[in-house]
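To start, the structure under review is shown below, and the notes come after it.
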């Protein structure tokens, strides 16, 4: 199994309003090292396969706490066209390493900023206003 670690930093992402590429590149090694650890509740690692290549990927992401424990939400600062998001939509789910545990996620769907804001816990709502979209899953 060929596993790759990806970040979704693309030059077009900067133009789309996502985080600055330099910031992403500077923090990526830290995110990869800490994501999915029991004591790191915001960062996780989503495991998915390329929709065309079938290649296995592990992508560090930030999990947004939601009001409903059955729902897992991940902000999409680069929008719904992010490759890993397209991969999990095509596959119908993914595996998430989060808080030191593996969680199977199903029924992925893209939501706009307004719906993401409604689903998120209070302190995280202002952050989601700045993202064009989020992806929401149901825990299997």
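Cβ crowding within 10 Å ranks 51, 101 as 101, 51, fewest other Cβ atoms first. Each of 53, 95 has some number of other Cβ atoms within 10 Å of its Cβ, and from fewest to most they run 53, 95. Computed from label points 7 Å out along Cα-Cβ, the spacing between residue 70 and residue 56 is 3.1 nm. Legend: Rg and Dmax of region 39-129, from Cα coordinates, 12.8, 39 Å.
Every read-out reported here was derived from the displayed coordinates using simple, explicitly stated rules and does not represent laboratory data. Being a predicted model, the structure only gives us computed values, none of them experimental. Heads up, the Cβs are rebuilt from the backbone with ideal geometry, glycines too, and the neighbour counts pull from every protein chain shown.
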